[in-house]
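Encoded as structure tokens, the structure appears first; notes follow it.
Values in this text are rule-based calculations from the coordinates and carry no lab data. Bear in mind the structure is a predicted one, so any value in this text is a computation, not a measurement. No Cβ is skipped: glycine too gets one built from the backbone with ideal geometry, and neighbour counts run over all protein chains shown.
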Amino acid sequence: MSADNWAICPKCKKLERDKSEKKKKKADKSYGKVPKEEYEKLVLLANETVKLDETLREDYQCGIKDNGEVFIYYSGNCQRCGFDYSFEHKEIINL
């Protein structure tokens, strides 16, 4: 069965953002304490752009059955970090 969609994982994005923040803090703390070349290298590392792949598999369905039941189903899981989320809602419409 194939996925309905592939997307960038929100957890992977947060993890990369956190890594970047740590690198920026390290560069800031090293200012004036390390040689200029080393500081510039730390700044370059901190400002590197990381391209995230679409590792979040999304599957979903929604619809209405002939008895008036409306259903929504969503599932997303990441092949890279293991993030996993699912949501399901069913409701009978008063006909």
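Descriptive notes on the structure:
- Scalar couplings 3J(HN,Hα) for the range 84-92, obtained by applying the Karplus form with A = 6.51, B = -1.76, C = 1.60 to θ = phi - 60°, are 8, 8, 9, 9, 9, 9, 10, 7, 8 Hz; x denotes Gly and Pro.
- Modelled label positions at SER75 and LYS22, each set 7 Å beyond Cα in the direction of Cβ, lie 3.2 nm from each other.
- Highest-MSF residue in the chain out of ASN67, ASN77, ASN47 [GNM, Cα springs under 10 Å]: ASN67
- Estimated FRET transfer efficiency when R0 is 22 angstrom, pair ASP4-LYS51 (beta carbons, to 0.05): 0.40
- Taking amide H as placed 1.01 Å from N in the peptide plane, THR55 has its amide H under 5 Å from the amide H of ALA7, CYS9, each at least 5 places away in sequence or on another chain.
- On a per residue basis, the convex hull of the C-alpha atoms belonging to the chain measures out at 114 Å³.
- Choice from ASP53, ASP84, ASP28 with maximal GNM fluctuation in the chain (Cα, 10 Å cutoff): ASP28
- Taken about its Cα centre, the chain carries a charge dipole of roughly 920 debye when the Cβ of each Lys and Arg holds +1 and the Cβ of each Asp and Glu holds -1.
- Computed label-point distance, nm, for sites GLU91 and LYS65 using a 7 Å Cα→Cβ extension: 1.7 nm
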